[in-house]
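Okay, so here's the structure we're looking at.
No lab work stands behind these numbers, since they all come straight from the coordinates. What you see is a predicted model, and the numbers here were worked out from it, not measured in a lab. Using ideal geometry, Cβ is built from the backbone for each residue, glycine included, and neighbour counts are taken over all protein chains shown.
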Amino acid sequence: MSARAEVAVSVGAHGDSLWSKALRKFRRDRVGMWSLAVVLAYAVVALGVVLGLWAGDWADVSGPKWAPVSGEYWFGTNIIGQDIFARSLYSTRTAFEVGLVVALGATALGAVLGSTAGFFSGSWIDEVIIWLMGVLDSVPFILLVAAISYTLQGSPWAMHIAMIATFWIGTARLIRGEVIKLKSLEYVEAAHAIGVSRFMIIFRHILPNTFHILLVQATLSFVAAIKSEVILSFLGLGVKDGMSWGLMISESTFEVLAGFFNNFIAASVLMFGLVMAFNMFSDALQDALDPRTVK
């Protein structure tokens, strides 16, 4: 068997063993399984909104001002008679859309730049990427969003771009350190010896062995994106052409003063439920994928 084949077999066997053991460990974690069930329930709600099964009337003025909770309006209505329940469901879709886009974008960018910096550690390429991380990390997040929003002239993607430009840094630092460790292993040296290109070594032989780190970082970025979206939308820098829990909380500012709390409670409770469940899922996933504890 050639050195290339031995490398592929070794890496593949190691990966299968790690993932199968991690899956068994995760299944034994009751908190992790319950939190995953809650996240999936939220995902079903978001998917239903995307498919048009419910919450299509979130913007309709269909009831009286500040209607109480009833069989017709499960969460009541807001100050202009819009159904709070429908708006809450639509906001779940917004949370998942922002979370998925930012998590995938930031994780992918962090993986590429982090692995490149780690493989070429000590070179000018590494220095440039480290300098870029330092520059972006030093800019306050709100100011970065405001600057990007101004540059893109109110584009609905300004918030996503600002989050991705910030959240990739933590992933890149972790991947850089892991790649520096992995590039000195025998299977990487064997790939060098048989003439595999640097590009192939990074993205075929090294980066796949950091996938457990990337998966955990993606879940953390998902949660951070949801919380950031709520804050930015509350401040008027987030969602522009839809509805989100942040906008609902912003609307409730005047309603709370009038003694009506339905809007605030609905958005806060639903946001807390998703963020809490995803945090517990992320912790359970991190424990399951930890090579030191996988058995």
Folded to 0 to 90 degrees: helix 3-28 orientation relative to the chain principal axis, Cα: 40 degrees
R0 of 22 Å, Cβ-Cβ distance VAL269-ILE79: FRET efficiency to nearest 0.05: 0.65
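Where does the chain land at 222 nm, in deg cm²/dmol rounded to the nearest 500, when only DSSP H runs of n ≥ 4 count, each adding -39500 (n - 2.57), divided by all residues? Can you show the working numbers first?
Numbers: 10 runs with 208 residues, N = 295.
Value at 222 nm, helices only, nearest 500: -24500 deg cm²/dmol.
Pull out the extension gain between ILE142 and TRP19, defined as 0.36 nm times the separation in residues minus the alpha carbon to alpha carbon distance; nm, one decimal.
Details: separation 123, 0.36 × 123 = 44.28 nm, distance 3.82 nm.
Extra length from ILE142 to TRP19 when fully extended: 40.5 nm.
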Loop chymotrypsin sites (Phe, Trp or Tyr not before Pro), the range 138-220, which have at most 15 other Cβ atoms in a 10 Å radius of their Cβ (DSSP): TRP157
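Return the ratio Rg/(2.2 N^0.38 Å) for the chain, where Rg is computed over Cα atoms only. Before the final figure, lay out the partial values.
Numbers: Rg = 22.8 Å, N = 295, 2.2 N^0.38 = 19.1 Å.
Expressed relative to 2.2 N^0.38 Å, the Cα Rg reads 1.19.
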Sorted peptide list for 273-285, 55-67, criterion being average Cβ within 10 angstrom, highest first: 273-285, 55-67
Modelled FRET efficiency - R0 30 Å, ALA59 with TRP157, Cβ distances, 0.05 increments: 0.90
